[in-house]
Amino acid sequence: MISRLSAANFAVLSSEAAGRYRVQDLGPGLEYSFLFFNLNDPDEAKQPALARKQAWFRQVAFRQAVSAALDRQGMVRLVYQGRATPLVTHVTPGNKLWVNATLARLPRSLARARELLGKAGFSWKEGTLRDGSGAAVELTIVTSASNAARVQMATIIQDDLRELGIQAQVVPMESRAILDRVTRTHEYDAALMALVNGDVDPNPEMNVWTLGGPTHLWRVGAAAPLAPWEKEIDDLMRRQLVTLDAAERKRLYDRMQVLVAENLPLIPLVSPNVLVGAKTELGNFRPAILDPYVLWNADELFWRSAPRP
C-alpha cells in the first residue's frame with residue numbers, strides 16, 4: 001500500500017499504473033510553506049550588517065512589497081506540477097473549519113511592490129533597490145538542502161526579488177544548522193521553512209503565534225511585542241484558547257488571520273496537495289488530509305483478495 005505521494009510519483013501512478021492502483025488528490029492539506037525575515041533584536045556591535053538590514057525587514061511595507069512580488073502560481077506550476085494552492089494566510093483552504101474565507105488573494109504585482117517600496121523611502125539606481133542611505137538591498141535566504149521543493153521555491157523567490165532590484169542569495173543548509181540559526185544564534189537574514197499542524201484546531205500553534213513561544217520563528221523568545229499588531233495576535237490566541245463559545249473562537253481566529261495577512265511576520269507561500277494512493281484490492285480506502293492520511297482507519301482496512309505484486 002502507498003500512503004502520501006510526491007507530485008512526480010502521483011503522475012506516474014496516474015498514467016502508467018491504471019487498474020493496479022487508485023490515486024487521489026485530496027487538495028490542500030494542513031502544511032504551509034512560508035518566507036520570513038529575522039526580526040530578532042540583534043547585538044549591533046556583533047552583527048552590524050544584520051542590524052542595518054533589519055531596518056528594512058521591520059518595515060511592514062517592505063514585507064508587503066516582497067509578498068506582492070512573489071509568483072506563487074509559478075511555484076505551484078513549477079515545483080508541484082499544479083498540485084498545490086497559493087496562500088494568503090497561514091491557514092490553508094484544506095482547513096475549512098478555521099480558514100478565514102473573506103481574505104482575498106491578491107495577484108502578483110511588481111507595480112504594487114514598487115509603489116510600497118517607494119512610499120517607504122526606497123529608490124532604484126541602475127536597477128538596484130537602495131534604502132534611504134543609498135545602500136543596496138541585498139540578503140540571503142536559508143532553506144533546507146534536503147528538501148528539493150523548498151530549494152526550488154527559494155530559487156523562484158530569488159528570481160522574483162531580482163525583478164524588484166533586490167539581490168538575494170539562496171543558501172541551502174542542513175536542517176539542524178538552519179534551526180540553530182533561527183532559534184539560537186539568529187545569524188540569518190531570511191529563511192524559507194514549512195509547518196504542518198497536526199490538528200485543524202488553532203491551539204497546537206500557540207507556540208508559533210504567542211510571544212515567547214519556542215517556534216515564534218521571526219522573534220524567538222521575544223518577551224515584548226514588536227508592534228501593536230504582534231501584541232494583538234498574542235492576545236487573540238490566548239483569548240480563543242479559553243473561550244468556550246465556538247462562534248466567538250472563530251471570530252477571534254479570523255481576526256488573527258487578518259493581522260497575519262496584513263503584517264506578514266510569516267509570508268505564506270503555498271500548501272502542497274495531499275496525494276495518496278493504494279492498490280485497488282484495498283477495501284475501505286478512505287484517505288483524509290489529517291496524518292496518517294491513509295492509515296487513520298487502519299482497523300477497517302482489508303484486502304479483497306491477495307494483492308498483486
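The values are calculated or read from the model by the stated rules, or taken from the named source; none is laboratory data. These numbers were taken from a predicted model, which means no experiment stands behind them. Cβ coordinates were reconstructed from backbone atoms using ideal geometry, including for glycine residues, and neighbour counts include every protein chain displayed.
A few remarks follow.
- The numbered conditions (1) modelled with pLDDT of 95 or more; (2) surrounded by fewer than 14 Cβ atoms within 10 Å (Cβ to Cβ); (3) under 30 Å from Ala247 (Cα atoms) are all true for Val91 except (2).
- Of all residues in region 1-59, those satisfying the criterion of being at pLDDT 80 or above, farther than 18 Å from Ala194 by Cβ and of a type in the set (Asp, Glu) are Asp25, Asp41.
- Applying the set (1) in a helix (DSSP H, G or I); (2) polar (S, T, N, Q); (3) farther than 30 Å from Arg184 by Cα to Asn207 leaves exactly one unmet item: (3).
- Within region 85-176, strands (runs of 3 or more DSSP E) holding 3 or more residues that are within 24 Å of Pro28 (Cα to Cα) and over 19 Å from the mean Cα position of the chain (by Cα): none
- Against the conditions (1) in contact (Cβ under 8 Å) with a residue 12 or more places away in the chain; (2) closer than 21 Å to Ala61 by Cα, Arg162 satisfies every one except (1).
- Among residues of region 262-285, those that are touching a helix residue (DSSP H, G or I) at 6+ places or on another chain (Cβ under 8 Å) and part of a loop (DSSP other than H, G, I, E, B), counted: 5
- Scanning region 59-84 for residues that are over 16 Å from the mean Cα position of the chain (by Cα), surrounded by fewer than 20 Cβ atoms within 10 Å (Cβ to Cβ) and outside any loop (DSSP other than H, G, I, E, B) returns Val60, Ala61, Arg77, Leu78.
- Condition check for Leu139: surrounded by 13 or more Cβ atoms within 10 Å (Cβ to Cβ), in contact with a strand residue (DSSP E or B) (Cβ under 9 Å, 6 or more places away or on another chain) and without any contact (Cβ under 8 Å) to a residue 40 or more places away in the chain: no
- Test for Ser33: is it buried (at least 19 other Cβ atoms within 10 Å of the Cβ), part of a helix (DSSP H, G or I) and either free of Cβ contacts under 8 Å to residues at least 40 places away in the same chain or under 21 Å from the mean Cα position of the chain (by Cα) (or both): no
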